[in-house]
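Here is the structure we will look at.
The values are calculated or read from the model by the stated rules, or taken from the named source; none is laboratory data. Predicted model, so just to flag it, every value in this text is computed and none were measured. Here the Cβ positions follow ideal geometry from the backbone for every residue, glycine too, while neighbour counts run over all protein chains shown.
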Amino acid sequence: MTKIYVKKFGGTSVGTFERIEAVADAIAKAHFEGERQVLVLSAMAGETNRLYAMAANIDPLAPARELDMLVSAGEQVSIALMSIALARRGVNARSLLGSQVKVRTNSQFGRASIESVDTGLLMQLLDEGAVPVIAGFQGVNEQGDVTTLGRGGSDTTAVAIAAALEAAECQIFTDVTGVFTTDPNIDPDAQKLDSISFEAMYEMARQGAKVLHPDSVACARRHGVVLRVLSSFESGSGTLIRFDEPEHSGSGIVGIAVTRGQGLVSVAGLVDQPQAEVALFQALANASVDTDLVVQLAEEKALAFTLAQGALDKVLTLIDRLALEQPLADVRHESPLAKVSLVSTGKAVMAEVGARVTELLEAQNIRVKLLSTSEIKLSVVIDEVHLQHAVRSLHRAFDLNKV
């Protein structure tokens, strides 16, 4: 039986008519060479944001169910256009919504999780020599409501379908040639990695690398899906996400991921007040505010956490209200900040890496406002204005420009 390849194309890959035509040329060529392909598409670049903005013009607090119904329309456009382009090239292509494929999810609108994928229709189409073209980012719950998987959810759609079909590979096509040691827009010396482990890729994605959604990496590893990142615009082997640990630089650091637009909030008085701490984070969860790094500041007896800068005003208002009920002390906040994360193979001693990073940055008058470590990751929070200088310095210091 011929191998099946699931190919996901992101918004930039289908962002213009010309790009849709270029992708269709490549898919048609592979089709007539005998390759069995299943496509998963995102909406055209900018379309999902446009749809969210439309809803906000009517009601900034629109019901989550109706938002999902609205923003899922973006993928319907891209899959239809791609299928039209393929049909013109003599390819029997079928555009399919998540509900038609029976991508079953839970009912958490806006952040739904995939529970199952029915492969019956897909296998029937493949056996007929057709190319299914599936809308990513969306599914359907038990009640038949349209759900979306959250930002980057098309990656997860592709991986879930690849797992269900037992595909040879799930290939994620994007606007870069693979996974790099850091963002090439920040450091032109960034190097493309031929391969990277699932553990390191997952951490890179969680810490801000945009090339893959972290949920898709976790899903692929859980289901044993071979994952590869490729460019829609240049030929090449891309980056293979491996189940073992490939060789990397002698420093033990695989790459540097960044997250811009961060805010930092510190609340004094929480370290010795566990009930107040629980109340704060429960209030944040109820307000759908995602915190990132959470660190205890021993000297100030404060708790500090980072979050998206756009949520800062909302959180400060929430803390003001909570202070009427809980013994919260001094509240401080800073923005705009950036998070810089060094991801390792697991061989590096992160305490030593932390000391080296802090020393290097402070020597260049870049103050580390917060530092957090895990087994394979170290993150520092700095003023965003220093981001480029910090990343370039760290990239060279850990020999990532020589990979």
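Quick notes
- Any hit, the stretch 33-40, residues being assigned to a helix (DSSP H, G or I), without any contact (Cβ under 8 Å) to a residue 60 or more places away in the chain and surrounded by fewer than 16 Cβ atoms within 10 Å (Cβ to Cβ): no
- Count - residues of the stretch 278-303 that are within 19 Å of residue 314 (Cβ to Cβ) and in contact with a Leu (Cβ under 8 Å, 6 or more places away or on another chain): 12
- Yes/no for residue 134 being assigned to a strand (DSSP E or B), in contact (Cβ under 8 Å) with a residue 60 or more places away in the chain and of a type in the set (Val, Ile, Thr): yes
- Sole exception among (1) at pLDDT 95 or above; (2) under 22 Å from residue 231 (Cα atoms); (3) not small (Gly, Ala, Ser) for residue 92, by number: (2)
- Enumeration of residues in the stretch 139-178 that are in contact with a helix residue (DSSP H, G or I) (Cβ under 8 Å, 6 or more places away or on another chain) and part of a strand (DSSP E or B): 139, 140, 146, 147, 148, 169, 170, 172, 173
- Candidates 73, 30, 85: the one that is under 22 Å from residue 168 (Cβ atoms) and at pLDDT 95 or above is 30.
- Some residue of the stretch 1-16 being in contact (Cβ under 8 Å) with a residue 24 or more places away in the chain and part of a helix (DSSP H, G or I): no
- The set of residues in the stretch 327-343 being outside any strand (DSSP E or B) and surrounded by fewer than 19 Cβ atoms within 10 Å (Cβ to Cβ) consists of 327, 329, 330.
- Flag for residue 315 being under 29 Å from the mean Cα position of the chain (by Cα) and at negative phi: yes
- Residues of the stretch 41-59 classified as part of a loop (DSSP other than H, G, I, E, B) and closer than 14 Å to residue 79 by Cα, total: 4
- Matching residues, the stretch 67-82, being crowded, with 22+ Cβ neighbours inside 10 Å, of a type in the set (Gly, Ala, Ser) and closer than 17 Å to residue 20 by Cα: 74, 78
- Spans of strands (runs of 3 or more DSSP E) in the stretch 243-316 with at least 2 residues of a type in the set (Val, Ile, Thr) and farther than 30 Å from residue 225 by Cα: 253-268, 291-297
- Filter pass, residue 25 being buried (at least 17 other Cβ atoms within 10 Å of the Cβ), in contact (Cβ under 8 Å) with a residue 60 or more places away in the chain and out of contact with any helix residue (DSSP H, G or I) (no Cβ under 8 Å at 6 or more places or on another chain): no
- Residue 210 of a type outside the set (S, T, N, Q) and over 15 Å from the mean Cα position of the chain (by Cα): no
- Yes/no for residue 268 being surrounded by fewer than 19 Cβ atoms within 10 Å (Cβ to Cβ), of a type in the set (Gly, Ala, Ser) and free of Cβ contacts under 8 Å to residues at least 40 places away in the same chain: no
- Test: residue in the stretch 191-198 that is surrounded by fewer than 22 Cβ atoms within 10 Å (Cβ to Cβ) and within 17 Å of the chain's Cα centre (by Cα): yes
- Just one of the numbered conditions (1) at pLDDT below 85; (2) closer than 13 Å to residue 318 by Cβ is not true of residue 272: (2).
- Residue match in the stretch 344-356 (condition: farther than 30 Å from residue 244 by Cα and either part of a helix (DSSP H, G or I) or in the same structural domain as residue 393 (by TED's automatic domain parsing) (or both)): no
- Boolean, residue 290 is loosely packed, with under 14 Cβ neighbours inside 10 Å, within 22 Å of residue 260 (Cα to Cα) and either in the same structural domain as residue 391 (by TED's automatic domain parsing) or in contact with a Lys or Arg (Cβ under 9 Å, 6 or more places away or on another chain) (or both): yes
- The residues of the stretch 375-396 that are free of Cβ contacts under 8 Å to residues at least 40 places away in the same chain and hydroxyl-bearing (Ser, Thr, Tyr) amount to a single one, 393.
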